[in-house]
1. Go through the stretch A:23-56 and report how many residues are within 11 Å of DNA strand D (Cβ to nearest atom), open to solvent by less than 80 Å² (accessible area, probe 1.4 Å) and polar (S, T, N, Q).
2. Can you tell which of A:SER110, A:SER129 is in contact with a strand residue (DSSP E or B) (Cβ under 8 Å, 6 or more places away or on another chain), closer than 23 Å to B:HIS94 by Cβ and among the polar types (S, T, N, Q)?
3. Taking the condition under 27 Å from B:ILE85 (Cβ atoms) and charged (D, E, K, R), does A:ASP45 pass?
4. I'd like the full set of residues that are surrounded by fewer than 16 Cβ atoms within 10 Å (Cβ to Cβ) and farther than 14 Å from B:VAL134 by Cβ, limited to the stretch A:107-125.
5. Mind listing whichever residues of the stretch A:93-105 are open to solvent by 60 Å² or more (accessible area, probe 1.4 Å) and within 15 Å of the chain's Cα centre (by Cα)?
6. If you go through the stretch B:74-88 one residue at a time, how many are open to solvent by 50 Å² or more (accessible area, probe 1.4 Å), out of contact with any Lys or Arg (no Cβ under 9 Å at 6 or more places or on another chain) and not in a strand (DSSP E or B)?
2 protein chains.
Amino acid sequence: MMTSNEYIKKALQSLKNSPLKTTKQRVDIIKILFSEGNNHFTVEDVHNKIEKLGLNISLATVYNCLNQLTENGIVKSVKTSCNKIYFDTNTTSHHHFFCKNSSTLIDIESKNIKISKLPKIPNGKKLDSIEIVVNLTE
Amino acid sequence: MMTSNEYIKKALQSLKNSPLKTTKQRVDIIKILFSEGNNHFTVEDVHNKIEKLGLNISLATVYNCLNQLTENGIVKSVKTSCNKIYFDTNTTSHHHFFCKNSSTLIDIESKNIKISKLPKIPNGKKLDSIEIVVNLTE
DNA sequence: TACTAAATTAGAATAATTCTAATTTACGAT
DNA sequence: ATCGTAAATTAGAATTATTCTAATTTAGTA
């Protein structure tokens, strides 16, 4: 199990290895995202934390930053049956519980869910990814 | 295999059996939705067909109608990794291919996909539904 | 230290959807 | 058949999430 500092360090290293510049805003956002290890955030969540910390990062930057971290494999984005995009600090292949009442995501490790039969992929297309969401109620 | 008229008749009967009133607009929209059997529509798709047919149904009504048909089990709604809600005339339990390039949905029959292992449902929650989306590229 | 492409920013723009409040309609009761 | 009423429809405003724009600032290389 990694400590939160290790998660942050690792993510900052990925940022350095990416073509993205290491700006103050990106470092602050990465610290917020990875301060609790694997976690899920909406843009709103991140922006709220920024305000609470007294940091001054515009909403546009939060969007830009999260999108670019996603494009560069530092976080992952997840769409759910509510209308917001969630950003996931767990970039390994995995699936999700989604609780409709509380609008929260919970990771399902790959090894804990198994598909034993898949349909034939339509002609001319190729498999990109399989997303499984197990919807929960309270 | 049902004919399109049979699909329409069946849906209109479900409308009659529901607490919803049988209005001209709802009948027109059901005819559009079910005229090709199982199919997927965005609100925009439906509204375009309405315009093309020279019908006069406001966008608000299309939204209201599709939402209420969904609430009453006459259609199903599907969220995809693009940001639109799709309405699905197939109300049986099934899954989807989603082609990211063309933004199209294709049904996967329940029997053609099988989950052989499921994680433990978190305490205090209960299983609502499992949504599997097999994302495709061209 | 200076240069330049990239990043940040505020605010406008867009896109999908929902809300509002006035008008119209479906349909059960008369 | 007609009436009364709750439900449905409507146009347009409002909201929500997100992206765009264009001016300013900054990171990192030369």
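1. 3
2. On inspection, the qualifying residue turns out to be A:SER129.
3. Yes: the conditions hold for A:ASP45.
4. A:GLU109, A:SER110, A:LYS111, A:ASN112, A:LYS114, A:SER116, A:ASN123, A:GLY124
5. The one that is open to solvent by 60 Å² or more (accessible area, probe 1.4 Å) and within 15 Å of the chain's Cα centre (by Cα): A:SER93.
6. 1
The rows are residues; the columns are (1) in contact with a helix residue (DSSP H, G or I) (Cβ under 7 Å, 6 or more places away or on another chain); (2) of a type outside the set (Ser, Thr, Tyr); (3) assigned to a loop (DSSP other than H, G, I, E, B).
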{"residue": "B:GLU36", "(1), (2), (3)": "yes, yes, yes"}
{"residue": "B:VAL46", "(1), (2), (3)": "yes, yes, no"}
{"residue": "B:LEU66", "(1), (2), (3)": "yes, yes, no"}
{"residue": "B:ASN90", "(1), (2), (3)": "no, yes, yes"}
{"residue": "B:SER102", "(1), (2), (3)": "no, no, yes"}
{"residue": "B:LEU105", "(1), (2), (3)": "no, yes, no"}
{"residue": "B:ILE121", "(1), (2), (3)": "no, yes, yes"}
{"residue": "B:ASP128", "(1), (2), (3)": "no, yes, no"}
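The values are calculated or read from the model by the stated rules, or taken from the named source; none is laboratory data. Quick caveat, the model's predicted, so the values are computed rather than measured. So basically every Cβ, Gly included, is an ideal-geometry build from the backbone, and we count neighbours across all protein chains shown. When the accessible area is computed, the model is the full protein with side chains, heavy atoms only, and any ligands, DNA or RNA have been set aside. Shrake-Rupley method; radii C 1.70, N 1.55, O 1.52, S 1.80 Å.
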